[in-house]
C-alpha cells in the first residue's frame, strides 16, 4: 500500500511502501511490517530552463546595476576633485596694452592680491609657461612677445576662508585697468550641476533595472507555478499551508538570485579592476591622459566594492520577496476559485 503523508502545518510530504504482515509474537522476522520512506523531490525543480534563464537575466541586471553605481561614484569623485582643484586657485589675467609694462603689472597684481586675507601664495606664469599653454593650438617654438597674448597670475587661496573676490576685483581694476579676476565660480557651478545630473541619471538607471528585475521575477515565478500548479493545488488541498508552499519557491528563487547577483557583481568588480590596471599600465600616454582628464581614475576604492556587495544583497532580497509575494497571491487566487462553485471545474473535490 502506498500513502501520501503531510503534516497539518505544511511539513514535508513522503511516499511510503507498506506491506501487511503477521505481527504476532514469535512470527518470522521476514513477516514483520516493513516500511521504506522516500522523501519527495522539491516542489520546484532545482535545474530547469526557466531557472537558468532567470539566473542569466539577474546576472546581467546585477552587472548593469553595479556598473552604474561604480560609474556614478567615479564621476562624482572626479567632479569633486576638479571642484577642489579649481576652488583652491583664482586667476588674474592682464591683457597687453600700448605703453603697459607687463612684468611690472604682473608683479603689482600679485602683490595687491596677496594683501587680502585668505590669499596664500601668488605665482606669475613666465613666457615659457604661457607658450606651453598655447602649444596645442599654435604649435611649438612660439615667441609670445610678438603676439598680444594675455599673461596670467595664479593666486592660491584658503578654501575654508576665501578672500573677498568682489573687493579684490575692484582693487585690481582701479590699480591695473587691463586686469581681470577669474574666480572660476562659473566652472564650479557647472561641475556641481554635472555631478548632480549624473547622479540623478544613475539613480534612474538603477530604478529601471530593479523594476525590470522585479517584473522578470514575477513572470518567472508565475511560469514556475503554472508548470507545478497541480502539485501546489494538491499539497494545498491536503493541508499544506500557503506559507510552506511559498517557502519552497522562496528558497528556490533565493538560490537563483544569489548565484545570478554574485556572477553579475563579480563581473562588474573585475571590469573595474581591469580598467584600473589598463589605466595604470599606460601612464603618461595620450590615451591615458585624455581618459584621466575626462573620467578621472577608474579606481572605485573599498566604498565602491562595498556598494557592489550591497547591490548584490539587495537584488537577492528583492528577488526572494517578490517571489514570495507572487506565490502567496497565486495561492489566494486558487482559494478564491475553489470557493466559487461556478469555477471549480477541474479542481480536486472538497
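FYI, it's all coordinate maths here, none of it is from the lab. A quick note: this is a predicted structure, and the numbers were derived from the prediction, not measured. Neighbour counts run over all protein chains shown; Cβ positions are idealised from the backbone, glycine included.
Above 18 Å, the calculated P(r) of the range 96-177 contains 49 percent of its Cα-Cα pairs.
A protection proxy built from the mean count of other Cβ atoms within 10 Å ranks the segments 121-128, 171-178, most packed first, as 171-178, 121-128. With R₀ set to 51 Å, the beta-carbon distance separating residue 309 from residue 107 gives a calculated FRET efficiency near 0.35. Counting beta carbons within 10 Å around each of 179, 211 and listing the fewest first gives the order 211, 179. The modelled label-to-label distance between residue 186 and residue 302, using points 7 Å beyond Cα along the C-beta direction, is 4.3 nm. For the range 99-115, backbone nitrogen atoms closer than 19 Å to the point 7 Å from residue 145 Cα along Cα-to-C-beta are found at 99-107.
Approximating the spin labels as points 7 Å out from Cα along Cα→Cβ, the residue 278-to-residue 328 distance works out to 4.6 nm.
Panel order for 305, 277, by other beta carbons found within 10 Å of each beta carbon, from fewest to most: 277, 305. The modelled label-to-label distance between residue 200 and residue 81, using points 7 Å beyond Cα along the C-beta direction, is 2.6 nm. Net length available on complete extension from residue 170 to residue 207 is 8.4 nm, with 0.36 nm assigned per residue and the Cα-Cα distance removed. Note on 208, 54: ascending count of other Cβ atoms within 10 Å places them as 208, 54, the fewest first.
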